[in-house]
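Structure first, then comments.
We did not get these values from a lab; they are worked out from the coordinates using the rules stated. Treat the numbers as computed from the prediction; the structure is a model and nothing was measured.
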Amino acid sequence: MTAINRWVSHHIVKASATQNVDGEHVGVLNKVFAWLYEIHLVGRRIKEWNRKVYYALKYYPDPCYFRPPHRIRFQVMGREALARRRAVFLDVSFQ
């Protein structure tokens, strides 16, 4: 248990240190949170400006929209057609 407490105090507490006095070290977690909070504030400003734009930006950039369409075509193809296409792509003779 002592080893766990020491690890937490050396790593987690050190990473989340705050600046109480000028010149004091600021932890990595606080630096990351400050950066993320700036992004959050931009989102709030967009929401106050136009709710429709805010929700469009929030929900539209879904990663599934950016998947290459060739995966769908390959799933429909048979095994032989897929093997031929791979052979042509890899410049390997198909027998």
Next on the checklist: Translational diffusion coefficient of the range 1-58 at 10 °C, 1.306 mPa s, Stokes-Einstein with Kirkwood Rh over Cα pairs, in µm²/s as a whole number.
Outcome noted: 113
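Once you have the Cα-Cα distance between residue 16 and residue 31, take 0.36 nm times their residue separation minus that, and quote the gain in nm to one decimal.
4.5 nm
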Checklist entry - Which whole-Hz ³J(HN,Hα) couplings does the range 32-47 yield from phi under the Karplus relation 6.51 cos²θ - 1.76 cosθ + 1.60, θ = phi - 60°, glycine and proline marked x? => result 5, 4, 4, 5, 5, 5, 4, 5, 4, 5, 4, x, 5, 5, 5, 5
Checklist outcome for this item: Residue-ordered couplings for the range 14-25, obtained by feeding phi - 60° into the Karplus form 6.51 cos²θ - 1.76 cosθ + 1.60 and rounding to whole Hz (Gly and Pro as x), are 5, 6, 9, 5, 9, 9, 8, 10, 4, x, 7, 5
